[in-house]
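Values quoted throughout were computed directly from the atomic coordinates according to the rules given, and no laboratory measurement underlies them. Computed from a predicted model, the values in this text were never measured in an experiment. In this analysis, Cβ positions are derived from the backbone assuming ideal geometry, glycine residues included, and neighbour counts consider all displayed protein chains.
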């Protein structure tokens, strides 16, 4: 049996923004977009060499995540059976089906930037692959 738990705080921001890389709309000291301030996961897995095994992982991403969306959590899980050199498995991904709309939402993401008197910068809201379950047969050599 394996249990994994992790927490990440990634505070990343520019203290000075050179004029050469932007037009004056981005404020200093704002968390970098695409780098979630907080990430966390908890995973449990049991996979014996022969017989029934299982596992699940819950993964969380906070504000400023890569999708330009609010905080979210995804759940992945699997069940496998190993016997006679073969492993038969059902693997589920994004079982929470979070942010699984079919299209990117233009200017629908987090509002970013915005110094006093300057407009804010709209961002696209990206999507994740929807919930799915796959059946996989693996030959162990």
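If we sort 56-69, 76-89, 33-46 on the protection proxy, mean other Cβ atoms within 10 Å, highest first, what's the order? Walk me through the intermediate numbers first.
Working: 56-69: 18.1, 76-89: 14.4, 33-46: 15.9.
Result, highest mean first: 56-69, 33-46, 76-89.
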*For the chain, what ratio Rg/Rh do Cα atoms give with a Kirkwood hydrodynamic radius?*
1.15
*So how much slack lies between residue 2 and residue 66, counting 0.36 nm per residue of separation and subtracting their Cα-Cα distance, in nm?*
20.2 nm
*What is the spin-label model distance, in nm, from residue 127 to residue 19 if the labels are put 7 Å beyond Cα along the C-beta direction?*
4.2 nm
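Between residue 111 and residue 32, what length comes free when the chain is fully extended (0.36 nm per residue of separation minus the Cα-Cα distance, one decimal in nm)? Before the final figure, lay out the partial values.
Working: separation 79, 0.36 × 79 = 28.44 nm, distance 1.22 nm.
Stretched fully, the residue 111-residue 32 segment lengthens by 27.2 nm.
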